[in-house]
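Heads up: the structure comes next, in structure tokens.
The values are calculated or read from the model by the stated rules, or taken from the named source; none is laboratory data. In this text, all values refer to a predicted model and were calculated from it rather than measured experimentally. Accessible surface is based on the protein model in full, side chains and every heavy atom, while ligands, DNA and RNA are left aside. Shrake-Rupley method; radii C 1.70, N 1.55, O 1.52, S 1.80 Å.
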Amino acid sequence: TVFIVVVPAALVYAALVDLGLLPVKSLTWVRQTPGDWPCSMGHYPGIFAWGFDLGLGVTTRIPYQSLLVIPLSAFLVGDMASAVAITTAYGAARALAVVAAVTSATDDFPAVCDAIQDRVLTLKKLVGATALVIAALIVIS
């Protein structure tokens, strides 16, 4: 019962922030994970640190507030399999979004970063709209 009330309410709030309809300060920081970590930490520790930093979701170039509902919903869902499914679905969707951005850019890394940056507002609005749909699906199911 708590899940059915709290998660949709949190999704609606986050969606309103992502859509720009609720003018509040974001809880995430707009920062790219430092690219020099593989050099300064070593190849594998740097790659692990990079993935861990991105996985936290609070420091990213594309700060979705809806992301903050993922750990809340995984905690409130009440069983491990559903929690894993929630976080896996989010991770897969985010990975597909990155793949789409990368394939739409040319072969050089700066072009990929530029392609992602050019779409930040569009992507935030898409994520916000998706959060509203998910909130509605949770309520009606």
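Observations on the structure shown:
- Rolling a 1.4 Å probe over the protein chains gives Arg94 an accessible area of about 60 Å².
- Probe 1.4 Å - accessible area at Trp50, Å² to nearest ten: 60
- Heavy-atom accessible area order for Tyr64, Tyr90, Tyr44, Tyr13, largest first, 1.4 Å probe: Tyr44, Tyr13, Tyr90, Tyr64
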